[in-house]
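Readers should treat all values here as calculations from the given coordinates under stated rules, not as data from a laboratory. Just so it is clear, the structure is predicted and the values come from calculations on it, not from any experiment. Positions of Cβ are generated from backbone atoms using ideal geometry, with glycine treated the same way; all protein chains shown enter the neighbour counts.
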Amino acid sequence: MSENLTITLESNGRSWQFGSFTQYGIITIDGLSALDISINSADSAQYDGINVEGVHVGGKHITAEIKIAKNENTDAVRDWLLGFLNPHNPGIMTITRNGRSRKILYYVSERHIERKNLHNPLDLVVDFLCPYPYFTGETFSKNIAQNIPAMFTGFNLFETSGFTITWKEFSDEVTLENSGDIDAGLDILFTATGAVINPKILNETTGKFMRIIVTLKSGDVLRITTGRGNKRIELNGVNISHKKDRGSEFFQIITGKNILKYSADDGYKNLNCLPQWSAQYMGA
């Protein structure tokens, strides 16, 4: 089976595609699975070998050579692409391979157009610098506070009055499966349906938690973001990161299974809790 690979670039309100099913063919593309790995180590005078003190993954470079066929609009296409591939405008690159898509932030770090003579097609060569080296996949979300639909009893004690006995079951925990290659941050939305004091969410798998010292009223929306480089707590859109409990940590969900549970000092049943996350991958 032949491989289909399409690259979509979105930047400054515009987009451009090259690769399979487009008029711009990929001649070569490198860096989709590469990592710039640095291992910090130190020699030991006590025994043979070294001490590994840390591992750092740097930014990712993706370099593409793209064929632009010659036609009556070649000059216009060339001018448009040179304006679109603006190093001052970051963008989002989506790699779609055989129907599976992954995204990454990019900057244009180098670009040039090659042409052997005026009768040949243009070859556009672009180097994209991705400051965060991992690709994100599909975004997942699951409401923890799921009420089981009302269920009728087997008989009706108040048939003449139109009453029916019902029940609902309340859930305060959920199991998430992180299928990515590394730990991933969360975007947690708490929505209050009544008074709530000091809401908390715990990753029972790791023991890490976030507790916010705040009193919520009906309609309030509390958002906790734990992604690397984007840690924040907002109440109705206002930053309240200083309200974080001292023992709290902007925790990640580890690869594999995670059990999340939420609570509060009082009124936790007046909360809806929706965690959202995107799996992180080392290649695309």
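Once phi is turned into θ = phi - 60°, what whole-Hz ³J(HN,Hα) does the Karplus curve with 6.51, -1.76 and 1.60 give for every residue of the stretch 273-284, x standing for Gly and Pro?
Result, rounded to whole Hz: 10, 10, x, 10, 7, 10, 5, 10, 10, 7, x, 9.
Taking the Cα centre of the stretch 165-284 as origin, sum charge times position over the Cβ atoms of Lys and Arg (+1) and Asp and Glu (-1), and report the length of that vector in debye to the nearest 20.
Once rounded to the nearest 20, the dipole reads 340 debye.
Quick one: angle between helix 74-84 and the longest Cα principal axis of the chain, in degrees between 0 and 90, rounded to 10, please.
Taking the Cα atoms of the chain, the angle to 74-84 is about 40 degrees.
Given H placed on each backbone N at 1.01 Å, which residues far from residue 111 in sequence or on other chains put an amide H within less than 5 Å of it?
Here the answer is 127, since their amide H atoms fall under 5 Å of that of residue 111.
For a protection proxy built on the mean count of beta-carbon atoms within 10 angstrom, sort 8-20, 226-238 highest first, please.
Numbers: 8-20: 15.8, 226-238: 13.8.
Per-residue Cβ counts within 10 Å, averaged per peptide and sorted highest first, yield 8-20, 226-238.
Name the residue from 179, 248, 126 whose Cα lies farthest towards the positive end of the charge dipole of the chain, charges +1 on Cβ of Lys and Arg and -1 on Cβ of Asp and Glu.
248
Label residue 243 and residue 65 with points 7 Å out from Cα along Cα→Cβ: what is the distance between them in nm?
Rounded to a tenth, the inter-label distance reads 5.6 nm.
Using the crude model of +1 on Lys and Arg Cβ and -1 on Asp and Glu Cβ, and no other charge, please compute the dipole size for the chain relative to its Cα centre, in debye to 20.
On the way: 28 positive and 31 negative charges, 122 e Å.
Roughly 580 debye for the chain.
So what are the ³J(HN,Hα) numbers for the stretch 99-114, from phi and the Karplus equation (6.51, -1.76, 1.60; θ = phi - 60°), rounded to whole Hz, Gly and Pro as x?
x, 9, 10, 9, 10, 7, 6, 9, 10, 7, 9, 7, 7, 7, 10, 10
For the stretch 252-267, what does the Karplus curve 6.51 cos²θ - 1.76 cosθ + 1.60, with θ = phi - 60°, yield as ³J(HN,Hα) per residue in whole Hz, taken in order and with x for Gly and Pro?
Couplings: 9, 9, 6, 5, x, 7, 9, 10, 9, 9, 10, 7, 7, 4, 7, x Hz.
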